Amino acid sequence: MGKEGSGIGKTGFQEKTVTDLRQLIATSASLYGERVRYQYKDAAGAIVNYTYNEFYRDMNAFGTALSLLGLMGKTVAVIGDTHPAYVVTYFAVVNGNGVIVPLDKEINDDEVVNFVKRSHAEAIVYTASFHERMAGIAARLETVSHLIAIDPQAPLPADARFVLWRELVKQGLAAMLAGNHSYLDVTIDLDKTCALLFTSGTTGTSKGVMLSQRNLAAATNASCLTMSHMTCDSVLVSVLPINHTYEMTCGHLAAANKGATTFINDSIRYVVRNMQEVKPTAMLFVPLFVETIHKRIWDSIEKKGMKKKVRAAMKLSHALRRVGVDLRKKLFDEVLSVFGGRLGSVVCGGAPVNQALLDDFEAFGIPILNGYGITECAPLVAVNLLGKARKNSVGRPVPGCRVRIAYEENSTTGEILVKGDNVMKGYFEDPEATAAAFTEDGWFRTGDVGYIDKDGYIYITGRKKNVIILSNGKNIYPEEIEQYLSSIDLIAECVVVGRKNDLGETVLTALIYPDEKKTEGLSRDEVMTRMREAVNEVNKNLPVFKQVHGLEIRDSEFEKTTTKKIKRYKVR
């Protein structure tokens, strides 16, 4: 079958092991009590502190309210912006042996209705930004018994199904004080589906991933062990979509187990401002955030005419570090201040990141740890560790997760296969897709292609569904070529596809959306000329069969998922 990667091993940091999500919150409340779990801005812009004790109290109160409504153990959808009440809802539902269905707030109304009906959700909890939309689609949600609003900024519709989240919490708390233990006494079924996640992905086909408490507990424990640098004094800024498994597992489940404080970003436009206000010590990013901030930093450096000076300082710093002298905080204070000045590490998932960008951030004093995950694995599979990162790799398998490669014949790469307690139960009401997702001996087929080196580090080269087969039979994974092209500063975004030429041969073609700032004032022909020159320079370092010969310039960005992955199936 192929080579199997070894786990990361012990980090030396003592963690409390998570057995289920109720125990996670109960133990965190007992350990961290009045420490701040969340900070967020209310409708008036004032910062609100929300403690570990308050979280535990509200989880039990809302869970009891669900019991009073006949919804305990049922399926509940949740949609909207990141908010403590959103996370409380998530925990309250799953810890009553129910099924939580986190929906992407960016999907359209038809998709919301479709997913609610597909999941058989009997209630929907939503945040303030979704209030108007929920009122508009309520009539189409005839199977939903309760529409629960978190701090809406407008009155509830006349529909009797609408109710305030905070009112339910009050009712649940009163019932608990009166002796109602219907929720508190529930025995957690670790292997029952507790979360149903509809993949938005880049292929256009949404499947319902079924995760259990065993899956989420395993992923949380692995995340805590790999983020050994995070402690109860750590501060994060939450910027990724809350429905995304990576954000939920690492940014909320693991962070709660660590005793960390999470500031909820009030708008994607204000990420840098928030970081400068809150001064985070750790962050979770996806590649687009890394690329955007990297460009912003270098644009600022170039405007000040400091590019040569900064590059010289980076060389000097590198030489000094080799002899044990680290002056990065002094040399790059202005760059570090963009992130608040205390950022010790960034974990980046979702897709591989251009190594040149990671090298720059490392030089400035901000290590970015590239990792690998997939929703079906809850989602963590592998990650680099502080001080042990390997270039161009997504790291070694996390504890409790085994990885092997199904090497293709006469190839040094193959499909990445995963086994462990973090791997999903299957796809909701889709036994055929579930069967196809696993090998005969129970390994999950990720659909990603790569290899493992002798030390167990994983390298991803592409995705099976995206492979381009050239006329000479060579298989090309476009993601690899796109990584090479990303070094061209004229390019904002690109997708590599196979196009037929006049001879009927498949030619690697780059569809490029230029960086508007870098190409400002240039005609379309001038942009094409400069782009072709830059691509030709990249081609010089590539084998002939991997060289890009076709170029197409786009006038608009590619359509993306909420985690900023380009939707390849919509690229024409």
Rh by Kirkwood over Cα pairs, then Stokes-Einstein D for segment 244-283 at 1.567 mPa s and 4 °C, µm²/s = 118 µm²/s
Looking at segment 170-314, send over the antiparallel percent of its DSSP beta bridges, to the nearest 5.
-> 50 percent
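Can you sort Val467, Val527 by how many other beta carbons sit within 10 Å, fewest first? Walk me through the numbers before you get to the answer.
On the way: Val467 13, Val527 16.
Ranking Val467, Val527 by Cβ neighbours within 10 Å, fewest first, gives Val467, Val527.
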If amide H atoms are built 1.01 Å from N in the plane of the peptide, which residues on other chains or at least 5 residues away come under 5 Å of the amide H of Lys560?
-> Lys567
Quick one: if the Förster radius is 30 Å, what FRET efficiency do Lys454 and Val323 give, using the C-beta to C-beta distance and rounding to 0.05?
-> 0.55
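Quantify how much of the Cα-Cα distance distribution of segment 91-146 extends past 15 Å, in percent.
47 percent
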Hydrodynamic radius by Kirkwood for segment 467-570, inverse mean 1/r across distinct Cα pairs, in Å, is 14.3 Å
Exposure proxy order (Cβ contacts within 10 Å, fewest to most) of Asp502, Asp455 = Asp502, Asp455
Post the alpha-carbon centroid distance, segment 228-272 to segment 463-513, in whole angstrom.
-> 35 Å
Please list the radius of gyration and Dmax for segment 465-522, considering alpha-carbon atoms only, with Å as the unit.
-> 13.4, 42
Tilt of helix 84-94 relative to the longest C-alpha principal axis of the chain, in degrees (0 to 90, nearest 10)?
-> 70 degrees
With a Förster radius of 30 Å, plug the Cβ-Cβ distance of His181 and Leu31 into 1/(1 + (r/R0)^6) and report the FRET value to the nearest 0.05.
-> 0.80
Quarter of the surface of the C-alpha convex hull for segment 282-463, i.e. direction-averaged projected area in nm², equals 13.0 nm²
Looking at the P(r) of the chain, how many percent of alpha-carbon pairs lie beyond 41 Å?
-> 25 percent
Which residues qualify? For Phe438, with a placed amide H closer than 5 Å and at least 5 residues away or on another chain, they are Arg445
Peptides ranked, highest mean first, by Cβ atoms within 10 Å: ranges 540-552, 156-168 = 156-168, 540-552
Using θ = phi - 60° and the Karplus relation 6.51 cos²θ - 1.76 cosθ + 1.60, list the HN-Hα couplings for segment 156-163 in order, rounded to whole Hz, with x at every Gly or Pro.
-> 6, x, 5, 3, 5, 6, 6, 8
Sorted by average packing, counted as other Cβ atoms within 10 angstrom per residue and highest first, what order do 217-226, 351-360 take?
-> 217-226, 351-360
Please state the relative contact order of the chain as a whole percent: Cα pairs under 8 Å, 6+ residues apart?
-> 14 percent
Residues with amide H under 5 Å from that of Cys194, placed H, sequence gap 5 or more = Leu211, Ser212, Gln213
Quick one: length gained pulling Thr412 to Glu334 fully straight, 0.36 nm per residue minus the C-alpha distance?
-> 23.7 nm
Report, in degrees rounded to the nearest 10, the 0 to 90 angle that the Cα long axis of helix 287-303 makes with the longest principal axis of the chain.
-> 60 degrees
For Met528 paired with Asn501, estimate the spin-label separation in nm (one decimal), with each label point 7 Å from Cα along the Cα-to-Cβ line.
-> 1.7 nm
Computed from the beta carbon distance with a Förster radius of 41 Å, FRET efficiency for Lys303 and Lys117 to the nearest 0.05 stands at 0.20
Which whole-number percent gives the relative contact order of segment 282-463, counting Cα pairs below 8 Å spaced six or more residues apart?
-> 15 percent
Mind checking the full-extension length gain between Asp441 and Cys232? Use 0.36 nm per residue of separation minus the Cα-Cα distance, one decimal, nm.
-> 71.2 nm
Using the per-residue mean of other Cβ atoms lying within 10 Å as a proxy for protection, in what order, highest first, do the peptides 389-401, 27-39 fall?
-> 389-401, 27-39
Helix 165-177 sits at what angle to the longest principal axis of the chain, using alpha carbons and giving 0 to 90 degrees rounded to 10?
-> 50 degrees
C-alpha center-to-center spacing [segment 134-212, segment 517-572] in angstrom | 44 Å
For the chain, percent of DSSP beta bridges that are antiparallel (nearest 5) comes out at 60 percent
Rounded to the nearest 5, the percent of antiparallel DSSP beta bridges in segment 467-570 equals 75 percent
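The numbers here are math on the coordinates, done by the rules we state, and not lab data. Note that this is a predicted model, so its numbers are computed, not measured. With ideal geometry, Cβ positions are generated from the backbone for all residues, glycine too; neighbour counts draw on all protein chains shown.
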